[in-house]
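S.K.: The structure that follows is given in the form of structure tokens.
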Amino acid sequence: MATSIHETVLIGISDGVIDKKKNTPYCTNKIGDKPDLLPVITLQYPSCTLCQRGLSHVVQVYCPLAASPYHRTINVFACTNPQCYGKSESWIVLRSQCLDDDIKSRQNNKTTACTESAMSRTDWCDEADDWGMEDEEQVAESGRQMPNDSTDISSRLQELCIDGDHQSVLQPTDVPVFQAFYISVMEETDLDGFHDTDHENELLREYEEREGVIVREIQSCESGEAQEKYEKATAKHGDEVFSSFLKKISLCPEQVLRYSWAGSPLFITEPPSSVSRTVPCCAHCSSPRVFEFQLMPALVSLLSSADTNSDISLEFGTVLVYTCRNSCWKSGSTAPVEEFLDVQPDPDQKLFK
């Protein structure tokens, strides 16, 4: 998948534990907990296709596309059975949408101010209030209609949201629940100087010593000779893709999510020769799917049980999420749409813990 010169990458970072007593609204970006459904959505809790256990909620991303009239949420679930680790079949990604009219018709039921989740949404960069970033040309290509109201949906949500009380989530009582964290967001281009680099340098030093690859040389030298020398350097385990992955995230190793609608995924292991052929088209409208976001290795250490008497975890390298380019949605639908994801195992998971 070619990288666009206009591609915007947004970085998600864990931003504090969510109080267990707090009911978060659907516009909250978060790790773990139970999903907060859009007002019209009813979810039959998904189960693992490999072991039939109930899947645990991993992340929720509120991501309305800038040129779309729909509220839009994506929820990712995974199986905590160790025998299912690293297998895409033990994960599922669900996309839900609804219009403002659907919300207004339910305003008399139960409402709450979205200021409760401000820390998870308003830390975005000024130019990117939504995860979805697309220009008018991309909208024209996708065939979707521009909304008449020019007001950004996420701005309207600052004043009113439907309370996420989980009442429409039919969750089995034996499904493990991960501890809940807020996710705050910034542009990748704003990361320079964002944090103390001591942790980054320590990770790089350990990796260079263990794997025999010089990562810093490419970061500190701009000459073509240094670039060529780096490209010829081979890690002991022969995984140049992983070396490139590590270099790319070195400005912010703690990132838990990378978002770039219709952008380019960051692979942690060698991808298939033709990614476009590997990712199936949308089962509902036959439109091609595009890359939307990926879960990062730093998320693994945060995925612990919300129950102190339980011990659960997940292991993965990165999880690549692809969604319908048209973000198609049938009017009146109350069931989420399943999208496509690909789980890549981490060739050296201990580096990120």
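S.K.: Can you tell me which of 259-270, 23-34 comes out highest on packing, and rank the rest after it, using the mean Cβ neighbours within 10 Å?
M.R.: On the way: 259-270: 19.7, 23-34: 24.2.
Top to bottom by mean Cβ count within 10 Å: 23-34, 259-270.
S.K.: When DSSP assigns beta bridges and you keep just the ones with both residues in the range 235-353, what percent turn out antiparallel, to the nearest 5?
M.R.: Numbers: 14 of 14 bridges.
In the range 235-353, approximately 100 percent of DSSP beta bridges are antiparallel ones.
S.K.: Given a Förster distance of 45 Å, report the FRET efficiency between S273 and S310 from their Cβ-Cβ distance, rounded to the nearest 0.05.
M.R.: Numbers: r = 42 Å, r/R0 = 0.92.
That pair, S273 with S310, gives E of 0.60.
S.K.: Pairs to check: K30/K87; K30/K248; K21/K248; K34/K87; K34/K104; K104/K330. Give those whose C-alpha atoms are more than 26 Å from each other in this structure.
M.R.: Numbers: K30/K87 23 Å; K30/K248 24 Å; K21/K248 38 Å; K34/K87 22 Å; K34/K104 24 Å; K104/K330 19 Å.
Check vs 26 Å cut-off fails for K21/K248.
S.K.: Something else now. For the range 26-97, what class follows from the C-alpha gyration tensor (a ≥ b ≥ c being the square roots of its eigenvalues): rounded when a/c is under 1.5, otherwise prolate if a/b is larger than b/c, else oblate? Don't skip to the answer; put the middle values down first.
M.R.: Working: a/c = 2.36, a/b = 2.18, b/c = 1.08.
Judged from the Cα gyration tensor, the range 26-97 comes out prolate (a/c at least 1.5, a/b above b/c).
S.K.: While we're on this one: What's the Cα-based Rg to Rh of the range 270-353, Rh via Kirkwood?
M.R.: Values: Rg = 16.4 Å, Rh = 15.2 Å.
Taking Rh as the inverse mean 1/r over Cα pairs, Rg/Rh reads 1.08.
S.K.: Could you order peptides 301-312, 176-187 by the average number of other Cβ atoms within 10 Å of their residues, highest first?
M.R.: Numbers: 301-312: 14.1, 176-187: 20.6.
Per-residue Cβ counts within 10 Å, averaged per peptide and sorted highest first, yield 176-187, 301-312.
S.K.: At q = 0.22 Å⁻¹, what log₁₀ I(q)/I(0) does the range 240-307 have when each alpha carbon counts as one equal point scatterer in the Debye sum?
M.R.: Each listed q corresponds, in turn, to -1.04.
S.K.: Applying a 10 Å radius around every beta-carbon, put 36-46, 53-63, 326-336 in order of their mean neighbour count, most first. Present the calculation step by step, with values, prior to reporting the outcome.
M.R.: On the way: 36-46: 20.2, 53-63: 23.4, 326-336: 15.6.
Ranking the peptides 36-46, 53-63, 326-336 by packing returns 53-63, 36-46, 326-336.
S.K.: Based on the Cβ-Cβ distance of D100 and E209, what FRET efficiency does E = 1/(1 + (r/R0)^6) give at R0 = 56 Å, to the nearest 0.05?
M.R.: Working: r = 55 Å, r/R0 = 0.99.
After rounding to 0.05, the efficiency reads 0.50.
No value in this document is a laboratory result; all are computed from the given coordinates. Bear in mind that the values here come from a model prediction, so they are computed numbers and not experimental data. No Cβ is skipped: glycine too gets one built from the backbone with ideal geometry, and neighbour counts run over all protein chains shown.
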